[in-house]
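Some notes on the structure that comes next.
Here, each number is a calculation from the coordinates, and none is a lab measurement. Just so we're clear, the structure is a prediction, and the values are computed from it rather than from any experiment. Every residue, glycine as well, gets a Cβ built from its backbone with ideal geometry; the counts of neighbours run over all protein chains shown.
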Amino acid sequence: MSIDDILGHVRTFPGSLVLSPEPGGDHPEIAWGDHFIYYAPDRRVPLRIQPYATIVTKNYPADDESRLDADDRWRINVHVTRERFALLVGQQAAAVDFAGVDLAATDTVLPHPVYARTGLVAVVNPGERTGELVVDLLREAHDRAMARANRA
């Protein structure tokens with residue numbers, strides 16, 4: 001599964017918005033080449049809402065455990081419910097323990113190296129084992145974001 005495959009799926013979701021900062025734009029250089037996925041039917045990035053998923057293509061400060069600076073490595077991060085997190089990762093998000101977890105493992109659902117406690121799971125280079133699951137997680141996250149927006 002490629003980044004383009006994932007973005008292609010996400011763009012079919014009603015009201016989806018993918019922000020993809022590029023060189024020379026208004027966004028900080030560190031975000032260039034990454035993708036931030038929102039529910040935004042008005043096609044404007046929400047001001048006070050975090051993206052429900054991100055695709056990162058490089059290490060960020062204090063987030064280098066996935067070793068994304070190596071060639072052809074990237075990571076998708078998706079916000080999931082507490083229940084889904086526990087099913088996927090085998091522990092509670094609020095008390096995640098990284099002991100023995102290889103955060104650089106590929107095609108494996110992992111707790112997010114920095115934001116696991118907020119309910120983010122991560123997959124480095126989704127492939128045969130996790131590709132369909134990642135699309136399902138994105139759909140679930142999108143549907144929750146859409147429901148929240150419609151309640152507001």
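Counting only other residues whose beta carbon sits under 12 Å from that of PHE98, what net charge do I get with K and R as +1, D and E as -1? Kindly include the intermediate steps, with their values, before the conclusion.
Numbers: positive: ARG117; negative: GLU65, ASP97, ASP102.
Result for the neighbourhood of PHE98: -2.
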Two-decimal Rg/Rh across the stretch 1-80, once Rg and the Kirkwood Rh are taken from alpha-carbon atoms: 0.96
Per-selection metrics, the stretch 35-112 (Cα): Rg and Dmax in Å: 14.2, 43
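What is the packing order of peptides 23-31, 125-133, taking the mean over residues of other C-beta atoms within 10 Å and listing the highest first?
Values: 23-31: 10.8, 125-133: 15.6.
With the highest mean Cβ count within 10 Å placed first, the list reads 125-133, 23-31.
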Cα-based radius of gyration of the chain once divided by 2.2 N^0.38 Å, which approximates compact folds: 1.00
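So, counting K/R as plus one and D/E as minus one, what does the shell of residues with Cβ under 15 Å around TYR60 add up to?
On the way: positive: LYS58, ARG67, ARG73, ARG75; negative: GLU29, ASP34, ASP63, ASP64, GLU65, ASP69.
Computed value for this residue: -2.
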Computed over the stretch 84-152, Kirkwood Rh from alpha-carbon pairs, angstrom: 12.9 Å
Interchain or long-range residues, amide H under 5 Å from GLY127's placed H: ASP107
Under Karplus coefficients 6.51, -1.76 and 1.60, residue-wise ³J(HN,Hα) of the stretch 39-54 in Hz, glycine/proline x: 9, 8, x, 8, 6, 10, 4, x, 6, 10, 10, 6, x, 7, 7, 9
Euclidean distance between Cα centres, the stretch 96-121 to the stretch 40-87, Å: 12 Å
